[in-house]
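Below is one structure, written out as structure tokens; comments come after it.
Every number here is computed from the coordinates shown, using simple stated rules; none is lab data. Predicted model, so just to flag it, every value in this text is computed and none were measured. Using ideal geometry, Cβ is built from the backbone for each residue, glycine included, and neighbour counts are taken over all protein chains shown.
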Amino acid sequence: MLQPLSFVALYWFVFTFMIPGGRLGSGSGDAYIYFLIAGLLPWLGFSEGLSRATTSIVESSAIVRKLPLRSEVLVIVPNATALIFQGIGLAIFIIALAVRGMPLRQLWVLPFALVLQFLLQLGVGFFLATTYVFFRDVPHIITFVLAIGFYLSPILYGVSGRFEKYFFWNPMTPLLGLFRSAMLASPLPDGGSIVYLVAVAAFVCAAGLLFYRRAQPSLVDVI
């Protein structure tokens, strides 16, 4: 819990006192802080799940070799754990919004967004965990990719203008839009982007699981 809370506290301090008015985002003052946290919490859960899932098979190599265990569970658990801690952070944020009198009439969107996030990060997690068994530089690469992905996703800023069509292809764009709609009662992403997100999440999850199961017979020999 300390990592996401410390990130939230850091960004709150920077964009409240060091950059007053939230000049990097949409809106100003408290409105920007809410916008920022509503995007930051899902991203922290997503990146935490991927980072832990990447090494999950290798770190549990003794279990994989000795026990008749469906090793897919080893990838599912870190992603589920990251989502649980993210849920705790979201609950604290929602309580804070309620205390401030913010409207919460679209909270029904939140479970839908969490399911799509879980499918997306689970599929990517299967790819990363499998690849890491054969190629041990994956954690360094994923750290670099996530750092870039943070700034190419609408976390610090809203998407508008000439770059909007490019951000459409990033599934994090409609996903973060769903989280912000749930917690900040902002307009839902358009129907096309939601359908695109559902299709990408389902495809990535299915493809990642298939990739993992195709490689599974070789994993025990390599780890």
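What the table shows:
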| quantity | calculated |
| --- | --- |
| Theoretical gain in end-to-end length, PHE168 to ILE95 [0.36 nm per residue, Cα-Cα removed] | 23.2 nm |
| Modelled FRET efficiency - R0 22 Å, LEU107 with ILE84, Cβ distances, 0.05 increments | 0.75 |
| Equivalent ellipsoid, the range 91-138 (semi-axes from 5 times Cα gyration tensor eigenvalues, Å) | 37, 13, 5 |
| Separation of alpha-carbon centers, the range 110-162 and the range 40-84, rounded to whole Å | 14 Å |
| Dimensionless Rg ratio for the range 82-213, taking C-alpha atoms and the 2.2 N^0.38 Å reference | 1.15 |
| Over 20 Å [Cα-Cα, the range 136-223], rounded percent | 52 percent |
| 0 to 90° range, to nearest 10: angle between helix 138-151 axis and the chain longest Cα axis | 20 degrees |
| Two-decimal Rg/Rh across the range 51-128, once Rg and the Kirkwood Rh are taken from alpha-carbon atoms | 1.15 |
| Helical mean residue ellipticity (222 nm; -39500 (n - 2.57) per DSSP H run of 4+; nearest 500) of the chain | -24500 deg cm²/dmol |
| Karplus-derived HN-Hα couplings along the range 127-137 (A = 6.51, B = -1.76, C = 1.60, θ = phi - 60°), whole Hz, x at Gly and Pro | 4, 5, 5, 5, 5, 5, 4, 9, 9, 7, 8 |
| Pairwise FRET efficiency - ARG70 versus ASP221, Cβ, R0 = 25 Å, nearest 0.05 | 0.85 |
| Dipole in debye (nearest 20) - the range 2-222, about Cα centre, beta carbon charges: Lys, Arg +1; Asp, Glu -1 | 140 debye |
| Between 0 and 90°, nearest 10: helix 191-222 axis offset from the chain longest Cα axis | 30 degrees |
| Directionally averaged shadow of the range 66-108, computed from the convex hull of its alpha-carbon atoms, nm² | 4.1 nm² |
| Sorted largest first, extent of the chain alpha carbons per principal axis (Å) | 56, 36, 30 |
